[in-house]
Amino acid sequence: MQPFGLLFARALGVATLGLALALPLALPVAAQAQQAPASGTSEAIRSRGTLICGVTTGLAGFAQPDSQGVWRGFDVEYCRAVAAAIFGDASKVRYVPTTAQSRFTALQSGEVDLLARNTTWTLSRDTSLGFDFAATNFYDGQGFMVKTSLGLKSAKELDGATICVQPGTTTEQNLTDWARSNRVRFTPVVIERLEEVVGAYIAGRCDAYTTDISGLASTRSAQPRPAEHTILPDVISKEPLAPLVRQGDARFADVVRWVHFLLLSAEEFGITQANVGQMANDPRPEVQRMLGRNGELGQMLGLDNAWAVNVLKATGNYGEIFQRHLAPLGIQRGQNALWNAGGLQYSPPFR
Amino acid sequence: MSEATIDPRSLRAPPRRPLRLSWSDERVRGIFWQILVVGIVGSIVWWLWSNTVHNLEVRRIATGFGFLNREAGLPIAESVIDYSPADTYLRALVVGLLNTLKVSVVGIILATILGTLMGIARLSRNWLLSKLAGIYIEAIRDLPLLLQLLLWYAILQGLPGPRQALNPAPGVFLSNRGLKLPWIEWQAAHGWALLALILGIIGTLAWRRVAIARRMQDGQPRRVWPVALGLIVALPLAVWYALGAPWVVDWPALRGFNFRGGANMSPEYFALLLGLVLYTAGFIAEIVRAGILAVPHGQWEAAQALGLRPKMVLKLIVLPQALRVIIPPMTSQYLNITKNSSLAVAIGYQDIVSIANTTLNQTGQAIEGIAIIMLVYLTISLSISLFMNWYNARIALVER
Ligand SMILES: N[C@@H](CCC(=O)N[C@@H](CS)C(=O)NCC(=O)O)C(=O)O
């Protein structure tokens, strides 16, 4: 029966997803669950020799393979930074593209070690889904994009409109909440794959496309004529995007969290990809501790003391990463500026 | 299956032997092995299960079906029953189930009609007709269904926007928002009239049986159409009239972004239905053709010799015999339509898979979500199989 092939290809891909989850969960987890939840994932990553990182299926600026098939983007830099911290080699990463819908099963089932994939930190994801969010690496909010030709000024004017949205996101739930409280009636078009939901909006199937504003900026800049699309000024939600890991492995979560803080602190202290070599001679005590000249902060994280140098050599600091991947999309630092520059990005001390 | 073909020897019971508790007794050995196998399978299942529960606990992933009563907050575009995002996950899943049934049932009916016509056309003596049917059948079966769905969806998205909608007839609008049709404002009286119509059809069919049975006895033909006219046309009209004959047409009209009022068929539903029907009809056509060819040529000739016209030969002699060959493979096509309808997720039609997927994503309870999907498809598939087996037994040739 031919249709069976198809069935398995797509729809029962769901079942495979379920099995992918069920099987690893069903087998006794030698390294992970049964020991004290100390450092199962880090051990597994180390013995495997690569970090498996869940990213988007392709969102310019965040995670997208370039023409040589090399993954690039803001989220990708976090995968590389964690690999550099663990192995001293940022290339030891295997990237697994995930849709909004498939990402959580991929992490729960152990298919990936780390999700670095514009995922919003919410209470239920942090608790009942069984995850731990490392740190907010991008403060975002949800917005709407419409064709400029519609001449809209505010999202409140969208009453009666058809709105494209990806399922399995906070986006779709915020949309219904917002519509309810603002008495805006709308018809949803809910499509799983990013290219297709964007395609539906471009084709005019929907009047508006809604997602995180960073995602809108990325999609807009990828269009042949970005000026034909306008991002409305309304911000209808808080979307703190954060890399996340499975709960029950505090050690690995610590590594990811402090890699982010390292990127922030490096920017704060003026340590860049280019000058990290010289900075080892910087007299400031915190810089010395951070870069492993003094003290054993690296060992405390279960890493080599050169971890910070390795990370910064591979990716540069937070500001450099932002400049490299997000500034070209027209995204401003805004809330993502450092705390001492009027933003929210703030690292606890390296001590 | 049919009673007359049972070999009478098989009705004789084998001689009974007392059971000896000895390894040399074949039955004792049989029972031993069966217990062993069931035991092994059972303990493997138990082992997998207890590990799953343990690991879910360690990872602090929620379990159980409690989430079904929580507010879903999901936007759903089309629904047969009332739905709002403030409803529960359970209701959202029911909406998804009904959407699956809506596309499967309509798909099965249309694919059967189209497939039968195509199968007959392919056997036609008209060269052009049979070649065209042949090309359709070969081409449609060779292209992956997912590709076809994406193609239909892309074509429907290519229609003009609502402001430039095609307007082939008054009140009918075709745009990339779907097909809009005028519709009557539904009131209770219409429901009762519909009920009367269904009862009328059942009554007419019953009368037809009686008429045929009596004709078998006395040879007198009895007319069915006056009864049909009365029960199917007059009765519902009378009911509707008696209830005040409400008749308000709801015309679709462009207001703001989109049309308001009237009935709507979304591009997602339309693309899915079109894809499923065209694809499955290709397979059904081949099944119908094979069924007709399975009837020996002598039957055609004999029927023609009796002076029956070709249409009558097909209707009275060939199709009833062909059906016996057609029904079993047809059942698997019906199952395929239902299961293939889950490709809906690719083009944004919110069927049970789409909604269960979102539910499991938001609650994180993948095992429960998948269990629900499997249960739904199992139930639908078993129902189709049971019905088709019943029908198959009913039309089976009773040899005398
Ligand atoms: N922040 C939201 C939305 C995240 C999300 O999935 N965004 C979309 C649109 S920007 C995306 O990244 N899609 C990429 C893909 O599906 O590959 C969430 O965590 O639920």
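The values are calculated or read from the model by the stated rules, or taken from the named source; none is laboratory data. Being a predicted model, the structure only gives us computed values, none of them experimental. Cβ coordinates were reconstructed from backbone atoms using ideal geometry, including for glycine residues, and neighbour counts include every protein chain displayed. The protein model used for the area step is the full one, side chains on, heavy atoms only, and it has no ligands, DNA or RNA in it. Shrake-Rupley method; radii C 1.70, N 1.55, O 1.52, S 1.80 Å.
Here are a few things to note about the model shown:
- In the range A:97-116, the residue that is nearest to the ligand (Cβ to nearest atom) out of those that are open to solvent by 20 Å² or more (accessible area, probe 1.4 Å) and touching a helix residue (DSSP H, G or I) at 6+ places or on another chain (Cβ under 8 Å) is A:Ser102.
- All positions within the range B:349-396 that are more than 14 Å from chain A (Cβ to nearest Cβ) and closer than 16 Å to B:Ser104 by Cα: B:Thr379, B:Leu382, B:Ser383, B:Ile384, B:Ser385, B:Phe387, B:Met388
- The range A:136-162: number of residues that are over 30 Å from A:Phe261 (Cβ atoms) and more than 8 Å from chain B (Cβ to nearest Cβ): 14
- Filter result for the condition that a residue is of a type in the set (A, V, I, L, M), farther than 25 Å from B:Ala77 by Cα and touching a residue at least 60 places away in the same chain (Cβ under 8 Å), over B:Ala245, B:Ala238, B:Ala281, B:Ala263: B:Ala281
- Screening the candidates A:Ala227, A:Ala250 for the property of being within 14 Å of another protein chain (Cβ to nearest Cβ) and aliphatic (A, V, I, L, M) yields one hit, A:Ala250.
- Matching residues, the range A:223-251, being hydrophobic (A, V, I, L, M, F, W, C) and at pLDDT 95 or above: A:Ala227, A:Ile231, A:Leu232, A:Val235, A:Ile236, A:Leu241, A:Ala242, A:Leu244, A:Val245
- Leading residue by the ranking (nearest to A:Asp126 (Cα to Cα)) among those in the range A:179-192 that are touching a residue at least 24 places away in the same chain (Cβ under 8 Å) and either within 9 Å of the ligand (Cβ to nearest atom) or hydroxyl-bearing (Ser, Thr, Tyr) (or both): A:Glu192
- Checking each residue in the range A:163-176 for being out of contact with any helix residue (DSSP H, G or I) (no Cβ under 9 Å at 6 or more places or on another chain) and within 7 Å of another protein chain (Cβ to nearest Cβ) picks out A:Leu175, A:Thr176.
- Sole residue being more than 30 Å from B:Gly364 (Cβ to Cβ) and at pLDDT below 90, chosen from B:Leu36, B:Leu56, B:Leu11: B:Leu11
- Qualifying residue in the range A:84-93 (condition: in contact with a helix residue (DSSP H, G or I) (Cβ under 8 Å, 6 or more places away or on another chain) and within 12 Å of the ligand (Cβ to nearest atom)): no
For (1) buried (at least 23 other Cβ atoms within 10 Å of the Cβ); (2) closer than 28 Å to B:Tyr153 by Cα, each residue gets a yes or a no:
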position: B:Phe259; (1), (2): no, yes
position: B:Phe270; (1), (2): no, yes
position: B:Pro310; (1), (2): no, no
position: B:Val313; (1), (2): no, no
position: B:Val325; (1), (2): no, no
position: B:Asn340; (1), (2): yes, yes
position: B:Gly348; (1), (2): yes, yes
position: B:Thr359; (1), (2): yes, yes
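- Of all the listed residues (A:Gly58, A:Gly40), the sole one being modelled with pLDDT of 90 or more and over 22 Å from A:Gly316 (Cα atoms) is A:Gly58.
- With respect to the stated conditions, A:Ala63 is over 30 Å from B:Glu368 (Cα atoms), at pLDDT 95 or above, within 13 Å of the ligand (Cβ to nearest atom) and open to solvent by less than 20 Å² (accessible area, probe 1.4 Å).
- Residues in the range B:81-130 that are in a loop (DSSP other than H, G, I, E, B) and either farther than 30 Å from B:Asn357 by Cβ or acidic (Asp, Glu) (or both): B:Asp82, B:Asp87, B:Leu123, B:Ser124, B:Arg125, B:Asn126.
- Residue check for B:Thr88: buried (at least 19 other Cβ atoms within 10 Å of the Cβ) and polar (S, T, N, Q): no
- Counting only residues that are among the charged types (D, E, K, R), touching a helix residue (DSSP H, G or I) at 6+ places or on another chain (Cβ under 9 Å) and in a loop (DSSP other than H, G, I, E, B), the range B:261-314 holds 0 of them.
- Scanning the range B:54-72 for residues that are closer than 30 Å to A:Thr187 by Cα and either of a type in the set (A, V, I, L, M, F, W, C) or crowded, with 19+ Cβ neighbours inside 10 Å (or both) yields B:Phe65, B:Phe67, B:Leu68, B:Ala72.
- Of all the numbered requirements in (1) free of Cβ contacts under 8 Å to residues at least 24 places away in the same chain; (2) away from every other protein chain (no Cβ under 13 Å); (3) over 19 Å from B:Met265 (Cα atoms), B:Ser50 misses one, and that requirement is (2).
- A:Ala227 fulfils the conditions (1) within 15 Å of the ligand (Cβ to nearest atom); (2) open to solvent by 50 Å² or more (accessible area, probe 1.4 Å) except for a single criterion, (1).
- Pairs, first without any contact (Cβ under 8 Å) to a residue 12 or more places away in the chain in the range A:215-227, second within 13 Å of the ligand (Cβ to nearest atom), C-beta under 8 Å, six or more apart: A:Pro226/A:Arg220
- Residues in the range A:193-218 that are open to solvent by 10 Å² or more (accessible area, probe 1.4 Å) and within 12 Å of the ligand (Cβ to nearest atom): A:Arg193, A:Leu194, A:Glu195, A:Glu196, A:Val198, A:Thr211, A:Asp212, A:Ile213, A:Ala217.
- Among the residues making up the range A:139-166, those that are within 12 Å of the ligand (Cβ to nearest atom) and part of a loop (DSSP other than H, G, I, E, B) are A:Gly141, A:Gln166.
- In a residue-by-residue description of the range A:197-205, the property of being of a type in the set (Val, Ile, Thr) and outside any helix (DSSP H, G or I) applies to no position.
- Selection status of A:Arg246, away from the ligand (no atom under 16 Å from the Cβ) and closer than 30 Å to A:Thr210 by Cα: yes
- Pairs with Cβ under 9 Å, 6+ apart, first in the range A:47-59 and farther than 11 Å from A:Tyr95 by Cα and assigned to a strand (DSSP E or B), second within 6 Å of the ligand (Cβ to nearest atom) and of a type in the set (S, T, N, Q): A:Leu59/A:Asn118
- Candidates are the residues of the range B:160-188 that are among the aromatic types (Phe, Trp, Tyr) and in a strand (DSSP E or B); the one that is most open to solvent (accessible area, probe 1.4 Å) is B:Trp183.
- Of the residues A:Arg80, A:Arg72, the single one that is more than 27 Å from B:His54 (Cβ to Cβ) and either more than 16 Å from the ligand (Cβ to nearest atom) or small (Gly, Ala, Ser) (or both) is A:Arg80.
- Qualifying helices (runs of 4 or more DSSP H) (wholly inside the range A:274-351; at least 1 residues being over 30 Å from A:Asp212 (Cβ atoms)): A:276-279, A:285-290, A:297-300, A:307-315
- The listed residue being of a type in the set (Ser, Thr, Tyr), within 14 Å of the ligand (Cβ to nearest atom) and crowded, with 24+ Cβ neighbours inside 10 Å, out of A:Thr176, A:Thr136, A:Thr169: A:Thr169
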